[in-house]
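To start, the structure under review is shown below, and the notes come after it.
The values are calculated or read from the model by the stated rules, or taken from the named source; none is laboratory data. Bear in mind the structure is a predicted one, so any value in this text is a computation, not a measurement. All Cβ positions, even for glycine, are placed from backbone atoms using ideal geometry, and neighbour counts span all protein chains on display.
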Amino acid sequence: MARRKSSNPFEGEDEPAMDISPLIDVAFLLLIYFLVTATLLKQEADLGLALPGVAALSNRPVEVDQMVIKIGGDSTVRVNDEMVEGDASDRSLAALTDRLKRYAASAKIAGSEAAVIIDCDGEAPEQRFVDILNACAAAGLKNISLAEN
């Protein structure tokens, strides 16, 4: 008699099994990765507290704000939106030079570098721009930037 074929292809074989050892390896690798990359929070005991009567020394220099000089189309000069020079015929710019010298001195005392930004209107005379550069040079300022309108 002929042997009848079974419709089950796994007949005669053991039950299929799933090998989970690679899954365990991946789980441990992920655990190690998250342990290494996690940031630890500081304990309250490690926080630096400034107690009253105790002065804390700081290594950071005090930052001095930048001075913005705007030249108007009518040759007026404004420093941080405050009118300083209005006379177009005065090329010495004594008030501006004095203010720039005080600014440079305060930046030197604070231990930071003085920075000046010159914002020149497109209609302003070129000579006024040169006069302001001369005033900056007289005050000893070297960090000068130009702003774009």
From 84, 68, residue being part of a strand (DSSP E or B), closer than 21 Å to residue 147 by Cβ, at pLDDT 85 or above and not basic (Lys, Arg) | 68
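Taking residue 79, is it of a type outside the set (Ser, Thr, Tyr), closer than 16 Å to residue 144 by Cβ and modelled with pLDDT of 85 or more?
For residue 79, the condition - of a type outside the set (Ser, Thr, Tyr), closer than 16 Å to residue 144 by Cβ and modelled with pLDDT of 85 or more - is met.
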Given (1) modelled with pLDDT under 85; (2) part of a strand (DSSP E or B); (3) charged (D, E, K, R), where does residue 119 come up short, assuming only one miss?
-> (1)
Could you give every pair whose Cβ atoms fall below 6 Å, whose first residue belongs to the range 81-105 and is charged (D, E, K, R), and whose second residue is surrounded by 13 or more Cβ atoms within 10 Å (Cβ to Cβ) and outside any helix (DSSP H, G or I), counting only separations of at least 6 or pairs across chains?
-> 85/77; 85/93
Flag if residue 89 is assigned to a loop (DSSP other than H, G, I, E, B) and out of contact with any helix residue (DSSP H, G or I) (no Cβ under 8 Å at 6 or more places or on another chain) = yes
